[in-house]
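One structure is given below, encoded as structure tokens.
The values are calculated or read from the model by the stated rules, or taken from the named source; none is laboratory data. Small disclaimer: the values here were computed from a predicted structure and weren't measured. FYI the Cβ positions are ideal-geometry reconstructions off the backbone, even for glycines, and counts take in every protein chain you see.
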């Protein structure tokens, strides 16, 4: 079985007055899930104080 995938990377930066980072990440995850994207990995970027979310969905 040969699957083809579309990929998407979203960066969720820390913003002092934009609410909790976990709340904003939850909003992004919910939004992407509704569009058919599946979260496959995360990466915390310490020097940028942000989180990258890596998604895939069938092409």
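Observations, loosely collected:
- Of all residues in the stretch 1-15 being assigned to a strand (DSSP E or B) and over 14 Å from residue 56 (Cα atoms), the one that is modelled with the highest pLDDT: 11
- In the stretch 40-59, the residues that are out of contact with any strand residue (DSSP E or B) (no Cβ under 6 Å at 6 or more places or on another chain) and within 10 Å of residue 7 (Cα to Cα): 58
- Contacts under 7 angstrom Cβ, first residue in the stretch 18-29 being farther than 16 Å from residue 52 by Cβ, partner assigned to a helix (DSSP H, G or I), 6 or more apart: 18/24
- Of the residues contained in the stretch 32-55, one or more are found to be assigned to a helix (DSSP H, G or I), without any contact (Cβ under 8 Å) to a residue 40 or more places away in the chain and either surrounded by 11 or more Cβ atoms within 10 Å (Cβ to Cβ) or in contact with a helix residue (DSSP H, G or I) (Cβ under 9 Å, 6 or more places away or on another chain) (or both).
- Residue 18 satisfies every condition listed in (1) modelled with pLDDT under 90; (2) surrounded by 12 or more Cβ atoms within 10 Å (Cβ to Cβ); (3) in contact with a helix residue (DSSP H, G or I) (Cβ under 9 Å, 6 or more places away or on another chain) except (2).
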